[in-house]
Amino acid sequence: MIIISLGVNELPKHPGYKKPENKKNIRALNKNCLEALEALESIKPKLNEAYNRYHHQQYQVAELESVREKPSRDEDQANTPAEHELDRQTIDRLDDSLKEWSLQDALKGVAGVGYNEPSVSHATYRPYGTTEYPSLSIHNQSDNFNYQAPQPSYRPMSIHSVPPTPPPKILPQHQQHPAIPPKVPIASEKITPALPPKIKLSSGPTVDASSERGEPLRRLILPKRLQTRFLSIAEPNTRKKVETCGILAGKLKNNILKITTLIIPKQIGTSDTCTTENEEELFDVQDKYDLLTFGWIHTHPTQSCFLSSVDLHTHCSYQLMLPEAIAIVCSPSQEPDFGIFRLTDPPGLDIISNCKKQPAFHPHPDLPIYTDVMDDGHVKTLDYDFDILDLRK
């Protein structure tokens, strides 16, 4: 918005604004500013709606999360002592089982462990035809002691030997966890905010009007009672045969230019000219109320309804800023008494912007420099209220 305001409201104050070499760049800049304003006007309400909807969804998600966290904390506190008691009971049962079991009982019946059983009778069982050898004893001369000869590494097992009793099996104790409390019913486990809808930029209503160059002209809406109200304000000057001028200001919405405010600036008028004063005040007012300049209006107290050479040069700066800008002339003593004009493009806009002739009133080429736009589809008159700001008071 700051850049747009600089381009539309502050740039005309620059000393080089009216130089011919800058006209083309100024036209392009003003066109870009208006397109940006149009996009901002279209996007703003949709962005606000999408933001509010997203913010509301985020608030709902936070509320649901806080509801879920409370039972979760209660569940953790309830389960902690129960789990500790369960672990203690399991350890106690395991200790009792170990106390009942002994290694000696488990190895009962295993040959050569814990008991001095007699040797198996050779008459009863002679495994694999084992040959008998006489018992030998070995005399260790170092310590003067007799040792028995080494016996086979295995001990023959009796046919009637009872197999060893295996140790009792320790049955696994199944942990009995406390029942999980039921879930707190929630409308949804988690609400994911929906993506905001895509914002579609509307190009606004189509208008058949276009410049002589073929570039489309946006519709400009004019209040029906503008002429009557302006002539009423200008009437004291008109009686003195002095011109009065005003600024047509308004807003851009949906690609439509709508005049909402008539501004009467401080001015000095003569019978055939009118010059504004203290333009800084005018810019401040437009900036305060966010108003764009769509053209100007003035009276011809003694002349017919047309654009003089002075009027052509005055309107050139307006139309360079905005291609749809209009100049309205009110001639209360003539017929017709009302006209809405713009410079042709081409050739009028190029001729006037490049004209350096002096004095103020001078002739121009005999070409269609300006045209009436009352009924060409560019300007439309509607009955609605509008504001009047008289800065002369």
- [ ] Take peptides 231-240, 213-222, 55-64 and line them up by average Cβ neighbours within 10 Å, highest first, as a rough protection proxy.
- [x] 213-222, 231-240, 55-64
TODO: Mind giving me the nanometre distance, one decimal, between the label points for Lys18 and Ile3, set 7 Å out from Cα along Cα→Cβ?
DONE: 2.9
- [ ] Quick one: work out the % antiparallel among DSSP beta bridges in the range 204-390, nearest 5.
- [x] 60
TODO: Would you pull out the residues with amide H under 5 Å of Thr299's amide H, same chain only if 5 or more places away, H placed 1.01 Å from N?
DONE: Thr244, Cys330
Open item on the list: Explain nothing, just the number: dipole magnitude of the range 338-393 about its Cα centre with +1 on each Lys and Arg Cβ and -1 on each Asp and Glu Cβ, in debye rounded to the nearest 20.
Closed with: 440
- [ ] Take each of the peptides 12-18, 39-45, average the number of other beta-carbon atoms within 10 Å over its residues, and list them starting from the highest.
- [x] 39-45, 12-18
- [ ] Would you mind ranking Met321, Met374 so that the residue whose beta carbon has the fewest other beta carbons within 10 Å leads the list?
- [x] Met374, Met321
TODO: Could you tell me which of rounded, prolate or oblate describes the range 204-390, using a ≥ b ≥ c as the square roots of the eigenvalues of the alpha-carbon gyration tensor, with rounded for a/c under 1.5 and, failing that, prolate when a/b is larger than b/c and oblate otherwise?
DONE: rounded
Open item on the list: Suppose each label sits 7 Å from its Cα in the direction of the beta carbon; what would the Lys224-Asp372 distance come out to in nanometres?
Closed with: 2.1
Task: Net dipole in debye of the range 204-390 [+1 Lys, Arg Cβ; -1 Asp, Glu Cβ; about Cα centre; nearest 20] - done: 160
Task: Out-of-range pairs (alpha-carbon distance over 26 Å; input Lys224/Lys251; Lys18/Lys266; Lys31/Lys380; Lys13/Lys380; Lys356/Lys393; Lys13/Lys258) - done: Lys13/Lys380; Lys356/Lys393
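Readers should treat all values here as calculations from the given coordinates under stated rules, not as data from a laboratory. In this text, all values refer to a predicted model and were calculated from it rather than measured experimentally. Quick reminder, even Gly has a Cβ in these numbers, built from the backbone with ideal geometry, and neighbours come from all protein chains shown.
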